[in-house]
Amino acid sequence: MSSSNSTHDSHQPHITPMWVYFGVLGALLILTVVTVAVAQVDLGPLNLPVAMAVATVKAGLVALIFMHLVFDHKFYIYLLLASLVFLAVFVIFCLFDLTRRHEIRHEVAAPIHAEAEWYKELRIQAAGLDHGEDHGDSHGDLHGAKTNAHSEKHAPVQTPAAPQH
Amino acid sequence: MSATTHDSHGHPRLAHHFFEMEQQHECAKLGMWLFLLTEILFFGGLFCFYFIWRIMDPELFVGASEMLNWKLGGLNTIVLIFSSFTVAMAIRSIQQNKRNACAIYLAITIACAFVFLVVKYFEYSAKIGHGTLPGTSFHDLHFLAEHPEVKNPHIFFSIYFCMTGLHGFHVICGIVYIAWLLYLTLKNRFDSEYYAPIEMGGLYWHLVDLIWIYLFPLLYLI
Amino acid sequence: MSAADSNTNYINHTKGIMSWLLTVDHKRIGLMYMIVVLSAFAAGGFFAVAIRLELFAPEMQIFPAAPTEGASWTYNKAFTLHGAIMVFLFIIPSIPAILGNFCLPIMLGTKDVAFPRLNLASWYIYMIGAAICLYAIFFGNSVDTGWTFYTPYSTSSSSSVTMMTFGVFVLGFSSILTGMNFVVTVHKMRAPGMGWFEMPLFVWGIYATALIQILATPVLAITLLLLIMETTFGIGIFDPANGGDPVLFQHFFWFYSHPAVYIMILPGMAVMSELIAVHSHRTIFGYKLIAYSSVAIAFLGFLVWGHHMFVSGQSEFISLLFSFITFLIGVPTAIKLFNWMTTMYLGQISWNTPMLYALCFMVTFTIGGLTGVFLGALGMDIPLHDTYFVVAHFHYVMMGGTVIAFLGGLHHWWPKIFGKMYSEFWGKIGFVFIFLGFNMTFFSQFILGQQGMPRRYADYAGFEKTQLFETYHQFSTVGSLILAVGFIIILIYLVHSLIAGKKAPANPWGGLSMEWATSSPPPAHNFLEDPVCKHGPYDYDKVRPEDI
Amino acid sequence: MEPKGTFLLPPQASTIAPEIDALYMFIFYLSVFFFIVITAGTLYFAVKYRKKEGESFSLTSGLRHNTKLEIIWSVIPTILFMIIFAWGWKVFLQAHAIPANAKTIHVQANQWAWNFQYSTLKGIGNSNDLYIPVNQPIKLSMYSKDVIHSLFIPDFRVKMDALPGRNTTLWFEATAVGEYDLYCTEYCGLDHSRMNRTVHVLSEEDYAAFLADVVQPRKFDEIYQASCRSCHSLDGSIGTGPTFKGLWGRTSEFTDGTSLTIVGDVGAKYIRDSVYNPNLQRVKGFSQAMPTHKNSITEEEIQHIVDGLKFLDQPGEQPPSEQGN
């Protein structure tokens, strides 16, 4: 009906040559090995970007070749990119808020740095597994872990539950 | 059904409100892509969950991801990539009217999906056995003893179970759909003119693979 | 059309309840949506009146102060259900699912939407979602969290939050599938000769809405799923007791729910463009600008969710960004208003009921939009946030915008849908009640909010300002009763028209878009001959209605 | 004394209120102007170009766009919006930048009550209404024990959510003595609408009297329970620190080789130093574990500690500071 203004121009479906599919399969398997290999080396802060970069190359191969995006009308690529843009906006804006909340008012930090209350019990039990009856130590450990948690980030974070802390 | 309007392209699978197979196929493909967009944003919420905690609390991920077996994860990656390849081959076969080849490729895809689920089952039961559970049911004392520096480890396992659980659910849906495609292929319902359902199934399956390609390094490796 | 006098149409060509429940005809599905969505509106309206009566005076009047044995209804449950029903069950599906389903394929000159069976499935999914919500309300413990389900209240509330959110989760899929259907239909099913800029603006508006439905609703789905996981397993994303962040929930929630505001208002604007152009009998001024501004609003609508959170403790920098983009979104909205106004210039304006609603929209939506400027300004939002000012603002947009446009659209397409004319006299009477009642109800709430009355308060006794608040609350309650009477009048004369109304001509308003070229009501496949698009939908300077 | 509100706005009772109201009036007049333009224009066209009774449809104007006009009505709103945005940002920053001389009051919100704490010490100086001095910047440091609440004082034009799990802050400077409503504006459950209190703005003298009345120094027992208990026993057993039993009158040897008998003024001074600067003199055999209590124990309370220690070994008698109770 709307073929006159349809975005499609060729009537024959695109049949991808066999070797392309085998090539992509090989590339994907090699890249999987690369991901695993790279992950064995600790790159520090680069761990995440490198892993994401390799994954994106793999995802790109699947999307472009297996999902026929290169052979299809460009509109589908735009659609896919649009969804990724919105996703990126979502993640970046949320992160922007969470990481910069306390920059004007220092007390306002994310609670993500505090451990849930119910771990106290578990930690004591876990410490019991490790060093038997050493009570004082387990307390110290717990305390140490908690203060680390607070001082690790930029601003001095006041424990909200007790103003006089 | 106003039969007068389409006598030019009288394919038996042409629905009444379309003019020609071309239009019907294009509609199906666009609809499927839009559905895939919703899938991406649906998983996107979980990726947002992941990235926020990853950046706010990196120690959690370094410590907790050691608990996952990257060998099993890697095996599953290879299985899924291979199944993605076979489903692409299935579409290629039906485009050339090779129904038997198409059926074989679809069957291999289903088999791969089952292998994936079996591996997943072993991973899950090991976690459950250790008490490495998501949320407040987390009680893996050995983990706590070995990793005193990791705060709130249950959150990592919440992310792990939510993401792989939702992904596993998609794999199960994929198995059902592809099994149905296999049935229809065996009943000679598809040909080089009409294979949109297989192509849609392929797109869906590739997306399931795509998501796993990200999940594997994010959860198991780093 | 000569064949229009044939008596078979989509309503009577097959008979029996199953011919409706299993239909794949977009027009019948539209009617089925009309029945259930308007029932939801009546239910939401019932709660609204209950809320207003409670607030007529300080102290508790009709609701118990606390739930007791036998009387578990509280004011909090009433306002939650009013909000949840109106948002999820009424406004979001109202224009797209009823008028969109009915008109969009006909306006594009096609026989049906791209996926008719999926369209029917959307209706069933809507029904399942609604049934789950009803179950939670009547057989569960209802829900008292507000329609926003803010954590950690929602994770600690003893009401049936899980069940209700699951119902909303299911409803979301109905919305997504409808949106997908419309986007594909617009892209691939247009009649020969109809380019993108020959589409009626209604279609553009619904198209922009559908894009938001597709991109935003999945995020609501995952948010609600995570909320359910948090309540059941304590996964630690939103509840600080489990190491989560309650403000993050607000981000997740508003990432959907702000675009959802545009899911609600864009279709209203879409209807407005039709009403103004057809009843002014004048080509639309700035067609492309209106079309593009719909898409621009849809896009920018994704980037402003944080303006619901200026006092929530989020980063000041992100508030700055959100406020800035909020003001950007004001520009396309203003452009639309000016374009509609100018469209009337040099027109030939019929003062009939749909046009009255269009004029009403111009007034009420302008107030809604302008008061949004107050709320978007960072410093100004501080005293106004979560007061009745916000309540009044979004009712002026949602009700003064969407519901008024919906009523206008319903009157506009009523002859096309049912083939009957309603009483023009009673139409105008109903309009007067709606206009007066609406403005009385909600304008007083602006003053209330500015004076500091917080929203979601069951009781305002014992304040320094009780006396002041009482006056405006009483004014508002009286207005709401007038509004209710208005809706009852409309219901009565519309139902009466079905039984005893005059037969409608194919083109009662002299419109030029394709739906007016077929008979009223249309035949089963919309057109007896496949139509070809020969002129633009608003070529009132070139084509006479009798020539189409 | 109490400022009057207008029809549109409540009284201005803080320094930020006039700033916010100025912005309000600016947007208000602009809105009225544009509302009149749009409504009047719409109605004028609707009347002027209405279709007469019985008139049939004719071809109408083909005016489809006018670039100049469209640019004007895109650019003018954009400029106005940017002005409002910038103004709003300026006021927002003013409302957020806490002056250095602000006095802190801790606020704890729970379902469904407010608790204002005037002292940094736990358990003393609380009230359910908020009492503040006039013309003095006040900083509220808020947190919630359960769900999200929001503190709103309409006459001050201030509002901020109180969140569980972390602190938020809010500041204002009241400009007029009087009583004002304080509301919770974030929906928080059943009695949300009863979570309102009064703000009492007091003159400086009245506020001092209020503080003296409400912020009473804690007694020995309370301080002991809050700050000393985990390290110093009362029954003579050895903890992280020396026991309090028999401390008064004991002769302690310190790591630096000196020793001191804890009696009289010298003893009192030693105890004060130990509380505020514990590592100055450390008793032999104990680690450097004790933190300073500068921020949690006041000078008045030191006296109570000394008194408490004196009477520790005579269970029958009350320390003098507790007799008034």
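The values are calculated or read from the model by the stated rules, or taken from the named source; none is laboratory data. For clarity, every value in this text was computed on a predicted model and none was experimentally measured. FYI the Cβ positions are ideal-geometry reconstructions off the backbone, even for glycines, and counts take in every protein chain you see.
What the table below lists for this structure:
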item	result
Residue in region D:183-198 that is in a strand (DSSP E or B) and of a type in the set (A, V, I, L, M) present	no
Selection within region C:309-334 - within 20 Å of C:Ala298 (Cα to Cα), free of Cβ contacts under 8 Å to residues at least 40 places away in the same chain and at the interface with chain D (Cβ under 7 Å from one of its Cβ atoms)	C:Phe324, C:Val331, C:Ala334
Members of region B:158-200 found to be within 14 Å of chain C (Cβ to nearest Cβ) and part of a loop (DSSP other than H, G, I, E, B), listed by number	none
Subset tally (residues that are over 21 Å from D:Thr42 (Cβ atoms), part of a helix (DSSP H, G or I) and either away from chain D (no Cβ under 14 Å) or in contact with an Asp or Glu (Cβ under 8 Å, 6 or more places away or on another chain) (or both)) for region C:236-266	17
Matching residues, region C:103-145, being within 12 Å of another protein chain (Cβ to nearest Cβ) and closer than 15 Å to C:Met180 by Cβ	C:Pro105, C:Asp112, C:Val113, C:Ala114, C:Phe115, C:Pro116, C:Arg117, C:Leu118, C:Asn119
Output for region A:59-83, where each listed residue is within 23 Å of the chain's Cα centre (by Cα) and at the interface with another protein chain (Cβ under 7 Å from one of its Cβ atoms)	A:Ala59, A:Val62, A:Ala63, A:Leu79, A:Ser83
Test for C:Leu483: is it modelled with pLDDT of 95 or more, of a type in the set (A, V, I, L, M) and assigned to a helix (DSSP H, G or I)	yes
Test for D:Val134: is it over 25 Å from D:Cys228 (Cα atoms), surrounded by fewer than 19 Cβ atoms within 10 Å (Cβ to Cβ) and among the hydrophobic types (A, V, I, L, M, F, W, C)	yes
Filtered residue count, region C:292-307, keeping only those that are away from chain D (no Cβ under 12 Å) and either assigned to a helix (DSSP H, G or I) or not aliphatic (A, V, I, L, M) (or both)	11
Lone unmet requirement of (1) at the interface with chain D (Cβ under 10 Å from one of its Cβ atoms); (2) of a type outside the set (Asp, Glu); (3) closer than 25 Å to D:Ala162 by Cβ for C:Ala358	(3)
Pick from region C:450-468, criterion in contact (Cβ under 8 Å) with a residue 12 or more places away in the chain, more than 7 Å from chain D (Cβ to nearest Cβ) and farther than 18 Å from C:Thr74 by Cα, ranking: surrounded by the fewest Cβ atoms within 10 Å (Cβ to Cβ)	C:Gly462
Selection count, region D:209-221, where residues are surrounded by fewer than 17 Cβ atoms within 10 Å (Cβ to Cβ) and not aliphatic (A, V, I, L, M)	3
Residues that are without any contact (Cβ under 8 Å) to a residue 24 or more places away in the chain and either in a helix (DSSP H, G or I) or buried (at least 24 other Cβ atoms within 10 Å of the Cβ) (or both), drawn from region C:135-155	C:Phe138, C:Tyr153
Qualifying position, being modelled with pLDDT of 85 or more and more than 30 Å from D:Lys4 (Cβ to Cβ), among D:Cys188, D:Cys231, D:Cys184	D:Cys188
Strands (runs of 3 or more DSSP E) contained entirely in region D:129-170, each with at least 2 residues that are under 23 Å from C:Phe149 (Cα atoms), of a type in the set (A, V, I, L, M) and not assigned by TED's automatic domain parsing to the domain that holds D:Asn196	none
Matching residues, region C:498-548, being acidic (Asp, Glu), assigned to a loop (DSSP other than H, G, I, E, B) and more than 14 Å from chain D (Cβ to nearest Cβ)	C:Glu529, C:Asp530
Count of residues meeting criterion [under 21 Å from C:Ser323 (Cα atoms) and exposed (fewer than 15 other Cβ atoms within 10 Å of the Cβ)] in region D:38-77	2
Elements of type helices (runs of 4 or more DSSP H) in region C:332-434, at least 3 residues being under 30 Å from D:Thr67 (Cβ atoms)	C:353-376
Some residue of region C:168-189 being surrounded by fewer than 19 Cβ atoms within 10 Å (Cβ to Cβ) and either in a loop (DSSP other than H, G, I, E, B) or without any contact (Cβ under 8 Å) to a residue 24 or more places away in the chain (or both)	no
Which numbered condition C:Ile284 misses (of (1) β-branched (Val, Ile, Thr); (2) touching a Ser or Thr at 6+ places or on another chain (Cβ under 6 Å); (3) surrounded by fewer than 24 Cβ atoms within 10 Å (Cβ to Cβ))	(3)
